[in-house]
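The values are calculated or read from the model by the stated rules, or taken from the named source; none is laboratory data. Fair warning: this is a prediction, and the values are worked out from it, not measured in the lab. No Cβ is skipped: glycine too gets one built from the backbone with ideal geometry, and neighbour counts run over all protein chains shown.
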Amino acid sequence: MLCVLRAFAVKLNNRYFALNLNIGMSNKVKIGISIGDVNGIGLEVILKTLAESKILDYCTPIVYGHTKVASFHRKALHLSDFMFNVIPNAEAAVSHKPNMINCWEEDVRIELGVANETGGKYAFISLQKATDDLVRGAIDALVTAPINKNNIQSEDFKFPGHTEYLQERSGSNDVLMFLVSDTLRVGVVTGHIPVTEVAKSITKEKIVKKLQLINESLKKDFWIEKPKIAVLGLNPHASDNGLLGSEEAEVISPAIQEAFDKGIICFGPYPADGFFGNGTYKQFDAVLAMYHDQGLIPFKTIAFETGVNYTAGLKFVRTSPDHGTGYGIAGKGQADPTSFMEALFSAIHIVKNRREQESLLRNQLRTGGKIIETAGDIKDDAN
């Protein structure tokens, strides 16, 4: 276990602190963290991340759970020197300390590696209370540890996953499941729906909207001035000119043209099989896949350790690691915290980028400068 943490500390230093993050020590971001399934690896990756004290130089973490549950996981990991600072609410969070809000009073029976009702019940309580604070502005961003989408279902949670729940809480008309890493960013047109419903769910309007969400997020959240987006086809070989389906000609290509006419630099449709295998994705800032597995399988193959699930289009910032509950390794000290750490720092970066952009926009409005490029400006650069 000690060797794992030492290796993680080295990775942390090399990955972030040598770069200085361009974040600085002042005006630190308050990051809320929901603990996910108490029987999974959520608290393990949270504890491993926050045990590295340098994390606290860049954010003020607030974990929504309970100290007794955290203590159970801490002892299993032999983190005897790690302690949470217990606070009554987010406003009481102390800088340079890992903070914990106790979200329930009763004792919880933890059965590591077991998918049961208890795991889902307390995952939702944690998520609900963290989201309450996020919506009212008491925290700046939310990082969600993995849930089990089955056992979390209840009268209060009837959603396919985090994304749909947070969309409703945010009041956003549309959102985008956006998987991001240093080398690859993938969004999907259709999310958590059966494969049998994919083709009929794909419309020109939906593709254009997702392209707009990707384009806006790349500019606002990732500071890419003129993003290039690739669009994948739906059918094998992108239909081979209509031999294997009509969606490319009738739906996807018209959507790409409409988005391009709106000033979005996008190209396609590309056959999904060779697109990732031959490295074509490296020529673009993001990729729009038609359905969940078409985008997530290559993403997790290429960027599993460092991948982050970001929900674009929300009125607030939410990220999560791109792995699941990890029941098979829960409590064994084997969970790699890298993806969770990446999710944490992605949230910090995005909040900082949004703040800086808002500041620039305010200054430009005061001085009468040009704020945003027109669609024509962008199209000229694409031609």
Which residue is surrounded by the most Cβ atoms within 10 Å (Cβ to Cβ), if the candidates are limited to the range 99-143 and must be within 17 Å of the chain's Cα centre (by Cα) and assigned to a loop (DSSP other than H, G, I, E, B)? I139
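Can you find even one residue in the range 347-354 that is at pLDDT 75 or above, part of a helix (DSSP H, G or I), of a type in the set (G, A, S) and surrounded by 13 or more Cβ atoms within 10 Å (Cβ to Cβ)? Give the steps one after another, and end with the answer.
Kept after step one, since they are at pLDDT 75 or above, are these residues of the range 347-354: 347-354.
Those still in the list that are part of a helix (DSSP H, G or I) too: 347-354.
Imposing the further condition that a residue be of a type in the set (G, A, S) reduces the set to 347.
The next check asks that each one be surrounded by 13 or more Cβ atoms within 10 Å (Cβ to Cβ); those that pass are 347.
Yes: the range 347-354 contains one or more residues that are at pLDDT 75 or above, part of a helix (DSSP H, G or I), of a type in the set (G, A, S) and surrounded by 13 or more Cβ atoms within 10 Å (Cβ to Cβ).
Does F82 meet the test of being part of a helix (DSSP H, G or I) and either modelled with pLDDT of 95 or more or out of contact with any Asp or Glu (no Cβ under 7 Å at 6 or more places or on another chain) (or both)? Don't jump to the end; show me each part of the working.
Numbers: part of a helix (DSSP H, G or I): no; either modelled with pLDDT of 95 or more or out of contact with any Asp or Glu (no Cβ under 7 Å at 6 or more places or on another chain) (or both): yes.
It is false that F82 is part of a helix (DSSP H, G or I) and either modelled with pLDDT of 95 or more or out of contact with any Asp or Glu (no Cβ under 7 Å at 6 or more places or on another chain) (or both).
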Meets criteria (outside the structural domain of Q167 (by TED's automatic domain parsing), over 22 Å from L244 (Cβ atoms) and among the aliphatic types (A, V, I, L, M)) for I302: yes
For I229, only one of the following conditions fails: (1) more than 21 Å from the chain's Cα centre (by Cα); (2) crowded, with 18+ Cβ neighbours inside 10 Å; (3) β-branched (V, I, T). What is its number? (1)
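Could you identify the single residue in V63, V38, V4, V45 that is more than 19 Å from the chain's Cα centre (by Cα) and at pLDDT 95 or above?
Working: V63 fails: more than 19 Å from the chain's Cα centre (by Cα); V4 fails: at pLDDT 95 or above; V45 fails: more than 19 Å from the chain's Cα centre (by Cα).
Going through V63, V38, V4, V45 in turn, the sole match is V38.
Pick out the one residue from D273, D261, D293 that is within 21 Å of I224 (Cα to Cα), among the acidic types (D, E), surrounded by fewer than 18 Cβ atoms within 10 Å (Cβ to Cβ) and not assigned by TED's automatic domain parsing to the domain that holds D322.
On the way: D273 fails: within 21 Å of I224 (Cα to Cα); D293 fails: within 21 Å of I224 (Cα to Cα).
It is D261.
Conditions tested, residue by residue: (1) under 9 Å from the mean Cα position of the chain (by Cα); (2) of a type in the set (F, W, Y); (3) assigned to a helix (DSSP H, G or I).
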| site | (1), (2), (3) |
| --- | --- |
| I302 | no, no, yes |
| T311 | yes, no, no |
| L314 | no, no, no |
| T319 | yes, no, no |
| T325 | no, no, no |
| K332 | no, no, no |
| A335 | no, no, no |
| E342 | no, no, yes |
| F345 | no, yes, yes |
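Mind checking which helices (runs of 4 or more DSSP H) fall wholly inside the range 178-297 and carry at least 2 residues that are touching a Pro at 6+ places or on another chain (Cβ under 8 Å), within 30 Å of H323 (Cβ to Cβ) and not polar (S, T, N, Q)? Steps first, please.
Values: elements: 198-201, 204-220, 253-261, 272-277.
Hits in the range 178-297: 204-220, 272-277.
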